[in-house]
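Here's the structure we're looking at; comments come further down.
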Amino acid sequence: MATGWAGDGAVHEQIDATVEDAVRRARSRMRQGPGRAACEECDAPIPPARREAVPGVRLCVRCQDAEDRDATGAGAYNRRGSKDSQLR
């Protein structure tokens with residue numbers, strides 16, 4: 001298959017490099033360390049199993065769930081349904 005200047009598999013190599021960069025960035029933003037014994041928000045104890053499973057944990061499961069819902073709630077707007085987005 002003729003691909004011009006790109007060698008065979010160049011597209012896949014570029015995709016792999018992009019994915020590797022994204023994984024590296026995500027890992028660099030992850031918290032590290034032992035984590036907290038009590039939740040920052042409600043002071044509920046954080047079980048040792050959670051502290052071991054999630055390095056740098058700072059919230060109990062209930063508060064983390066609420067924070068995750070708040071973070072995804074604003075970004076869930078579907079721009080494809082907006083007339084304004086179709087005009088740009």
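Here the alpha carbons of segment 31-72 define both size measures, Rg and Dmax, at 9.8, 27 Å.
On a full-extension model of 0.36 nm per residue, what is the gain between V11 and A49, subtracting their alpha-carbon distance, rounded to one decimal in nm? Provide the component values of the computation, followed by the final result.
Numbers: separation 38, 0.36 × 38 = 13.68 nm, distance 4.21 nm.
Taking V11 through A49 to full extension adds about 9.5 nm, to one decimal.
Geometric descriptor of segment 1-73, per residue, is 137 Å³ (volume of the convex hull of the Cα atoms).
Once both labels are positioned 7 Å from their Cα atoms along Cα-to-Cβ, the gap between E40 and A66 label points is 1.4 nm. Summary of packing: across the peptides 40-46, 11-17, 57-63, the per-residue average of other C-beta atoms within 10 Å ranks them, highest first, as 57-63, 40-46, 11-17.
Every number in this text was worked out from the coordinates using simple rules, so none of it is lab data. Owing to the predicted nature of the structure, the values given are computational and were not obtained by experimental measurement. In this analysis, Cβ positions are derived from the backbone assuming ideal geometry, glycine residues included, and neighbour counts consider all displayed protein chains.
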